[in-house]
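The values are calculated or read from the model by the stated rules, or taken from the named source; none is laboratory data. Everything numeric here is computed off the predicted structure, so don't read it as measured data. Cβ: placed from backbone, ideal geometry, glycine included. Neighbour counts: every protein chain shown. Accessible surface is based on the protein model in full, side chains and every heavy atom, while ligands, DNA and RNA are left aside. Shrake-Rupley method; radii C 1.70, N 1.55, O 1.52, S 1.80 Å.
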Amino acid sequence: MKRIIFFLFLSLQVSAQELMIKKGIVVDDFKVSDTLQESYALYLPTTYQNNKLWPVLFLFDGEGRGKAAAQLFQSTAEEQGYILVSSNNISEQNELKENAVVAARLLQRVANILPLDSRQIAAAGSMTGGKVASSLPLIFDNFLGVVAVGDHWVNFNLLDNKKNFLFVGIVGDEQFSGRAMNSTAAALSQLRFPTQIYTYSGGEDWPVPEIISSAVGSLTLEAMREGNRPLDNQLIEQLYRNDLSRVNRLMSQNQLINAEVLLEVMEEKYDKLVNMAEIRSKQDQLLRSRNYDQQKRQQVSILQKESRLLDDFVYYLEEDIRTANFENLGWWNYQKNQLDSLAQRKDGEAKMALRLKDFIKEYIHLKRQDMSKSRVPLESELITNMIQTIFDPKAFGAYKNIISLSAQDNDFSTAYFYLEEMLKHGYKDMQGLYTIEGTLGLRLTPEYNQIIENYLGASKFYDSKEESQK
């Protein structure tokens with residue numbers, strides 16, 4: 001992506017619009033432009049004043065839920081003094097470039113109407129939004145940092161060592177993206193970019209507000225350390241005690257690996273700001289724990305097993321797609337059922353199973369994206385979409401592709417089957433079923449329309465009542 005100089009923060013003008021905003025509540029549906037259907041939610045802290053520059057946190061929810069994301073960050077913004085600007089227009093259906101353009105327009109709009117501190121501009125995003133947030137320091141100058149939840153995107157060819165930013169990752173232990181997140185953090189650290197990775201138990205799009213507050217606290221403390229925000233010893237102590245309290249809670253719950261990770265984060269986070277004696281004491285306590293040794297060995301064993309299974313899955317996926325081996329669809333369905341069964345257990349292997357399913361879904365999704373940009377045999381494209389529906393039953397785009405490809409191959413029975421499967425899994429847009437590419441002959445058939453009527457109550461070219469009266 002072309003690098004854009006962050007000139008727009010050099011001369012800020014405050015419009016009359018923001019003077020009308022009520023402080024202390026999230027206000028939704030502000031327009032980015034009179035000519036675009038793009039909007040955002042806004043939160044101003046109760047201490048907000050027009051006559052000073054403010055830190056700002058741009059939020060990008062992976063499903064475009066601007067208001068909900070802002071509400072999740074609201075208490076953190078109030079405590080740590082941030083304006084929140086949360087986009088309603090990020091979509092996982094868009095390419096990263098499209099979402100980044102949406103984000104860039106939002107940044108430019110807000111920079112022109114609010115008094116932002118150009119040294120304290122940061123972004124946070126979840127899943128697809130995490131990719132958007134982590135791409136922004138590569139597009140704009142003077143970024144304080146990013147908080148990427150569950151996913152990220154960093155192009156190392158665009159990095160500038162003279163314009164460092166803080167990379168904060170948050171990843172659940174049920175999300176496969178943890179490997180890539182840690183790999184990126186390690187590479188950034190070698191280039192002397194400050195990095196911190198938070199972990200939590202689970203795999204939700206956003207973690208609980210406590211973890212969000214801690215991660216944003218990393219941005220706040222980095223700004224203090226760099227001299228971009230006045231030292232606030234009271235806030236430093238509050239953030240430190242909150243983190244230490246979470247360490248103690250994790251240890252009491254026997255989540256010793258997560259406690260270890262948080263202590264490592266705290267070493268970086270509070271460097272030169274607090275006395276490290278208490279942190280080192282907790283680390284020594286962990287190392288002396290027999291339970292910690294046991295959990296560490298178990299973690300290594302599970303990660304080794306996971307790596308072996310990943311290698312197998314990648315090999316068999318590539319082989320079955322290359323040879324269009326439809327006979328192996330049953331085998332993939334069996335693997336899905338095995339992983340589902342394993343995920344029901346309450347142990348580390350259950351989390352491994354969830355990560356593996358997450359990996360296969362993402363791997364197939366990326367394969368489909370690559371196929372859309374190049375010519376591949378119809379059969380290879382067909383089996384790729386079929387495998388995706390096995391691991392992601394609500395991947396409605398994959399069902400539509402199967403219907404389209406089957407119709408083009410005059411295989412109407414396969415099209416009918418996947419149409420019904422899509423409707424069984426909750427697809428509701430009847431109009432969308434009559435605009436699938438290459439299906440004109442198919443969608444005029446009574447069978448196609450009857451299946452739609454059975455699930456949606458009506459269809460375009462079939463009426464069961466009229467048929468029964470004939």
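Remark: C-alpha extents of segment 148-193 on the principal axes read 35, 16, 15 Å, sorted largest to smallest. Rounded to whole Å, the principal axis extents of the Cα atoms in segment 290-371 read 50, 23, 18, largest first.
Divide the volume of the convex hull around the Cα atoms of segment 214-292 by the residue count and you get 74 Å³ per residue. Beta bridges from DSSP with both residues in segment 30-130: antiparallel share about 35 percent, rounded to the nearest 5. Taking a ≥ b ≥ c as the square roots of the eigenvalues of the Cα gyration tensor, an a/c ratio of 1.5 or more together with a/b no larger than b/c marks segment 179-259 as oblate.
Peptide packing: for 131-139, 184-192, the average count of neighbouring Cβ atoms within 10 Å per residue gives the ranking 131-139, 184-192, highest mean first. 3J(HN,Hα) couplings calculated from phi for segment 100-115 with the Karplus curve 6.51 cos²θ - 1.76 cosθ + 1.60 (θ = phi - 60°) are, in sequence order, 5, 5, 4, 5, 5, 4, 5, 4, 5, 4, 5, 4, 8, 10, 10, x Hz; Gly and Pro show x.
Can you tell me the 0 to 90 degree angle between the C-alpha axis of helix 446-456 and the longest principal axis of the chain, rounded to 10? On a 0 to 90 degree scale, this one is about 40. Looking at the chain, the DSSP beta bridges with both ends there are about 25 percent antiparallel.
Residue by residue, segment 273-285 carries 3J(HN,Hα) couplings of 10, 9, 6, 8, 4, 5, 5, 5, 5, 5, 5, 5, 4 Hz when phi is fed to the Karplus relation 6.51 cos²θ - 1.76 cosθ + 1.60 (θ = phi - 60°); x denotes Gly or Pro. Measuring nothing but protein heavy atoms, the accessible surface of the chain at 1.4 Å probe radius is 47 percent carbon and sulfur. Let me make sure I get this right: for the chain, a, b and c are the square roots of the gyration tensor eigenvalues over alpha carbons, sorted descending. Under 1.5 in a/c it's rounded, otherwise prolate if a/b > b/c, else oblate. Which is it? It comes out oblate by the Cα gyration axes. Calculated on the alpha-carbon coordinates, the convex hull of segment 358-418 measures out at 68 cubic angstrom per residue. The calculated P(r) of segment 21-119, using every Cα pair and 10 Å bins from 0, goes 17, 50, 29, 4, 0 in percent. Relative to the longest principal axis of the Cα atoms of the chain, the long axis of helix 66-80 lies at roughly 10 degrees. For the cross-link pairs 67/163; 336/428; 373/428; 400/424; 23/131, which exceed 23 Å when the distance is taken from alpha carbon to alpha carbon? Listed pairs above 23 Å: 67/163; 336/428; 373/428; 23/131.
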